[in-house]
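J.: The structure that follows is given in the form of structure tokens.
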Amino acid sequence: VEAFVVAPSEAVRGPEDGLRRLFALGRQALDASRSEVAAVGIGCGGPLDSSAGVLIAPLHLPGWTDVPIAELASAELGLPAVLDNDATAAAAGEHRFGAGRGTRNMVYLTVSTGVGGGVVLDGRVFRGSTGNGGELGHVTVDWNGRPCKGCGRRGCLEAYASGTSIAERAREAGMEVETASDVAAASRAGDAVAERVWEETLAALACGVASLANVFEPERVVIGGGVSREGDQLLGPVRERVKAEAIGPVAHSLEVVAAELGDTVGVVGAAAVAFERLM
Ligand SMILES: [Zn+2]
């Protein structure tokens, strides 16, 4: 990473203002880079059309409807530009430059405000028909379960394992907490309610990861995102349970590891998909 610049999206200001600030940020990164830059990669939450480079109606960018962001970026920055789902891009980044290096089949899961992910099959990032596949957070772990705010169904992995849901379930159980990290800390300190919420989180995550492992038989499952910063309090038990729950041969060859790219996973991932699609 030669240059890394960050700014809040402030999505409510709308696409016109947002794109102007985004491209200014892009130019700032280009200016700071010592090497010649060959292409622009853009990662964003869906729904979007990755091959057309169009944001259809991203859930977290209200009002950004049918924005041809790749074409606009290309015109503004004078470079070829590609768009991909941000979780797909992150998977590509961890596969090419991070904890998934050297694998042929890999599942990447980000456990953060929501739960997202991406799948690499036979060395290539899986996108589905228009780039909206690989929505790993919406794998069902309890079909009669909690309503999922992300997609409207019930019992999605995201409805249990996301940071938002961990804090929410703790508050429903009577705790006064702000974040998933508060719940993790209370659980470490022996708070019985927090322990129960954390246990449910581990069970849901292990269930989701074991199911994904059974489907794809990856060599590695890479787990990143804010909640994964709890480290072995999360990854240790999940690793053990997935090993115990997944089908024998799948479990045998499987590693469950922490992501390596941290805060830069979004931009490294966007660069990785640009590399893959344009180079
Ligand atoms: Zn869902």
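The values are calculated or read from the model by the stated rules, or taken from the named source; none is laboratory data. These figures come from a predicted structure and were not determined experimentally. Counting neighbours? That spans all protein chains shown, and the Cβs are built from the backbone with ideal geometry, glycine included. For accessibility, only protein heavy atoms count, side chains too; no ligands or nucleic acids. Shrake-Rupley method; radii C 1.70, N 1.55, O 1.52, S 1.80 Å.
J.: Rounded to two decimals, what is Rg over Rh for the range 1-146 when you use alpha-carbon atoms and the Kirkwood radius?
T.: Rounded to two decimals, Rg over Rh is 0.98.
J.: Compute the Rg/Rh shape ratio of the range 98-148: radius of gyration over Kirkwood radius, all on alpha-carbon atoms.
T.: In the range 98-148, Rg relative to Rh is 1.03.
J.: About the Cα centre of the chain, what is the dipole size in debye to 20, counting +1 per Lys and Arg Cβ and -1 per Asp and Glu Cβ, all else neutral?
T.: With Lys and Arg at +1 and Asp and Glu at -1, about 320 debye.
J.: A follow-up question, please. Using only the C-alpha atoms of the chain, find the volume of their convex hull and express it per residue in Å³.
T.: Dividing the Cα hull volume of the chain by its residue count gives 131 Å³.
J.: Here is a further query. Taking the range 1-52, which GluC sites (Glu not before Pro) meet the DSSP loop condition and have no more than 14 other C-beta atoms within 10 Å?
T.: GLU2, GLU10, GLU36
J.: Assigning unit charges at the beta carbon (Lys, Arg +1; Asp, Glu -1) and nothing else, what dipole magnitude in debye, to the nearest 20, does the range 171-218 show about its Cα centre?
T.: About 100 debye.
J.: With angles folded into 0 to 90 degrees, how steeply does helix 192-216 sit against the dominant principal axis of the chain? Use alpha carbons for both and round to 10.
T.: Here the helix axis deviates by roughly 60 degrees.
J.: Still on this structure: In terms of solvent-accessible area of protein heavy atoms at a 1.4 angstrom probe, what is the ranking of PHE216, PHE23, PHE126, highest value first?
T.: PHE126, PHE216, PHE23
J.: Here is a further query. How many nm separate the modelled label positions at LEU121 and ARG188, each set 7 Å beyond the Cα in the direction of the Cβ?
T.: Taking the simple label geometry, LEU121 and ARG188 are separated by 3.9 nm.
J.: Separate question: What FRET efficiency do you get for GLU172 and LEU59 if R0 is 25 Å and r is their Cβ-Cβ distance, rounded to the nearest 0.05?
T.: 0.60
J.: Taking the range 123-200, which trypsin sites (Lys or Arg not before Pro) meet the DSSP loop condition and have no more than 15 other C-beta atoms within 10 Å?
T.: Here the sparse-neighbourhood loop sites are LYS149, ARG153.
J.: Summing -39500 (n - 2.57) over the DSSP H runs of n ≥ 4 in the chain and dividing by its residue number, what mean residue ellipticity at 222 nm do you reach, to the nearest 500 deg cm²/dmol?
T.: The per-residue figure over the chain is -13500 deg cm²/dmol.
J.: Where does helix 163-172 land angle-wise versus the long Cα axis of the chain, in degrees 0 to 90, nearest 10?
T.: On a 0 to 90 degree scale, this one is about 40.
J.: Beyond 21 Å, what percent of the Cα pairs of the range 62-221 remain?
T.: 54 percent
J.: Here's another thing I want to ask about it. Work out the charge dipole of the chain with +1 on the Cβ of Lys and Arg and -1 on the Cβ of Asp and Glu about the Cα centre, then indicate which of GLY134, VAL115, SER181 is farthest towards its positive end.
T.: Value computed over the given set: GLY134.
J.: Just to confirm the number: angle between the C-alpha axis of helix 232-245 and the first principal axis of the chain, 0 to 90 degrees, nearest 10?
T.: 70 degrees
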